[in-house]
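To keep things clear, I will list the structure first and then write my remarks on it.
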Amino acid sequence: MSPAIGSAAHSEIEAKDQQFRIGGETKALHGGAVHYWRLDRDKWSDILDKVKGMGFSTVSIYIPWEVHETAKGAFDFGSIDPRKDIDAFLTLCESKDFNIVVRPGPQINAELTWFGYPLRLLDDPELQALNSQGTKAVLAQVPRPIPAMSYAVDKFFDETASWYDAICPILAKHRYPKGRLVAVQVDNEMAYFFHVNPYASDYNPASIRRYREFLERKHGSIEAVASAHNRAYANFDEIDAPRRFDAKSSKDLPGYTDWIEYREVYLIDGLARLADMMRTRGLAGVPMFHNYPHPLGPGGSVSGITTPFNLMGLEEKLDFVGFDIYSRKELFEHVKTVLSYVVGSSRYPYIPEFIAGVWPWYRNPGSLKDEEFVTKAGLMQGVKGFSRYMLVERDRWMASPVMRDGTVRPDRYEMFRRTNEMLEDHDFVHADRQADVLLLANRDYDRLEAASALVSFPGDFLEPLLGFSEYPNFMLTSEEEFGFEEPIQQAKVDWFSAFYRGLTDAGFAFLLSDSAARPEKLSRFKAVAVSSFEFMGAALQRKLVDYARAGGSVILGPRLPKLDELMRKDETLLGATKESRPRLLESLDSDGAAVGSSYPVGRGEIVLVNRLSSLDKALTMALAARALLRVSKNDARLDVVVRRASEDADRAIVFVANPSAEPIDAEIGLDTSFKSITEIWSNRSIRPQGRGWTDHLPAYSINIYECTK
């Protein structure tokens, strides 16, 4: 943890160990967005009372530079337009006993025309991000397209400093313990302004310079870079970023995957710089966080929660990082994948933007049933806090529980009130997601998939062009094998999906993370599963061997690597498997072949599964003997999750989801018997049947049971 983070994680406020603590007391950040500047000032008090009436304890406040700046260096904080008196609004929130989360940008989106920036910044060519052709990268959005900003240009941060100089002193007046400001969001949804495709942005000359600096830090010398990239470089000035994928062999690949890794570092460095600017202006000691946008579009990697995002890398600079969730009932697996990853990776699992209403130009806005289902799906994965967007309706938004005049939509208002009441009454803040298995997305292969994109769609956060995603995926990536047995950039999706589905179907409780997870994270789990091909990062190979030696079970497939991420010889994993005689897992009936091999390593084991068709059976066999949390269910379409508080072993909260379009009569079994079971959303008593129970689940429904021994 960096010194900057250490200053925030003190006894006053800290975000760690899956909890948010204020003054040593665990608190739930259950809140939502209220855009003060879009509401008549005489309605503020009544509207906040309605928010309080739904049981929310926190208000998330977007503070738009675009709205407050009247001319360069001049700002209106209420002297001209009383709706812009942010100091007064913060004071009013405190008087109503709200904790406060602020989002001062510089970018906030908020469906503003200029995304929160003053127009003068967007009009400055020096500040614009460039695409691989050298022209400005443009974000297609309503009501009009805007140029993307370059976070590699020093002048951008100089401009932002003038905004922070104006707003941060106001915010500092309200920071805890003087006031109720308890967290600050740094910028908003940084993903190259949705130019996720690696050859879409950012080729601003300042970014190219930073790329060269990144290469020098990583490799140490121009000779080392030339060797890694399989190129003849004489000096760093000769290096250009790749502008399309044109690799011919495996030795060419590091020249492209280094660019993918740099794009992660670009986001981390830019956000860290903004955070430090706010800390030096009076906000040191307040936890700072960021919200990555959830993977968009119909495509994208199954494990597309990684690059260009790097949650754990960013948490070395900020206190916690989350993904935003806007979804519908048909997209349960999307919600599960993204939020399971956040819960499995972040210090504090938080949804910075959680659907409440919808922007009016969204094609498939869903209904109240969708919002209820997605709400339960999010809680099911183990999140501890969230901010509903939007709690109060305004221009360019609809279907919020509270309208801008303070009147409410009774059905939506009641759903949010009921949710908060349930969370409070049943102590969800202390109930952790139970899981013994960690499924890792392998960043090496995700970077390769991203690098091998052959088509570059521009960023469009509304609807992907022609129905394709700007995220690299099997329809858009190279099919070349580069000397490997198969195209790893495509096969890795099949293996990750098979691990994910096999663990789900077998009823093993698991969470998601990625290969950047630290050893102390891995040590909390009894088994780790990760895809493995001919190459794998050297650090990951060492980490997995150390984990196995300490007693963990590592499940790999389909091959043990012989190379590292730079395509140099590295047989760390392979060597560990040669230390003792392997044990063949039970043979398949169909062709007599073993489903896998178990290699004893230290106090643990490494299990290798060579064939995708064998993975389900191999998982069951490898994990069955390790006393893992496992649930039984009579229908594979059901999903079951258990949350427990460590200090209350006699109580469990069990979620059972039916994410299908058909009703299911569910039969659920756990590893223990219960004396009483109550479905707490409907307050129905359920009769225990030994170690389980039966219940009816309508289509697209999630039941939540409190079970006591």
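The values are calculated or read from the model by the stated rules, or taken from the named source; none is laboratory data. As the structure is a computational prediction, the values presented were derived from the model and not from experiment. Virtual Cβ from ideal backbone geometry, glycine too; neighbours counted across all protein chains shown.
In table form, for the structure just shown:
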| read-out | value |
| --- | --- |
| Qualifying position, being under 19 Å from Phe323 (Cβ atoms) and either modelled with pLDDT of 90 or more or not hydrophobic (A, V, I, L, M, F, W, C) (or both), among Leu462, Leu512, Leu454, Leu503 | Leu512 |
| Some residue of region 238-257 being in a helix (DSSP H, G or I) and more than 24 Å from Pro561 (Cα to Cα) | yes |
| Positions within region 511-559 being part of a strand (DSSP E or B) and either more than 19 Å from Tyr445 (Cβ to Cβ) or among the β-branched types (Val, Ile, Thr) (or both), in sequence order | Leu511, Ala527, Val528, Val530, Ser553, Val554, Ile555 |
| Residue that is surrounded by the most Cβ atoms within 10 Å (Cβ to Cβ), among those in region 91-107 that are of a type in the set (A, V, I, L, M, F, W, C) and closer than 16 Å to Ile47 by Cα | Cys93 |
| Condition met for Ala161 (among the small types (Gly, Ala, Ser), out of contact with any His (no Cβ under 7 Å at 6 or more places or on another chain) and more than 22 Å from Pro352 (Cβ to Cβ)) | yes |
| Some residue of region 536-557 being of a type in the set (Ser, Thr, Tyr), crowded, with 22+ Cβ neighbours inside 10 Å and more than 25 Å from the chain's Cα centre (by Cα) | yes |
| Extreme residue, surrounded by the fewest Cβ atoms within 10 Å (Cβ to Cβ), among residues of region 393-419 that are among the hydrophobic types (A, V, I, L, M, F, W, C) and part of a helix (DSSP H, G or I) | Met415 |
| Some residue of region 545-561 being modelled with pLDDT of 95 or more, closer than 30 Å to Gly692 by Cα and aliphatic (A, V, I, L, M) | yes |
| Candidate set from region 674-688 (those that are part of a loop (DSSP other than H, G, I, E, B) and within 35 Å of the chain's Cα centre (by Cα)); member that is nearest to Met415 (Cα to Cα) | Trp681 |
| Candidates Ala172, Ala152, Ala148, filtered to the one that is of a type in the set (Gly, Ala, Ser) and closer than 23 Å to Phe89 by Cα | Ala172 |
| For Met422: the one exception among (1) at pLDDT below 95; (2) in a helix (DSSP H, G or I); (3) over 23 Å from Phe309 (Cα atoms) | (1) |
| Residues located in region 637-666, provided they are outside any strand (DSSP E or B), at pLDDT 95 or above and small (Gly, Ala, Ser) | Ser660, Ala661 |
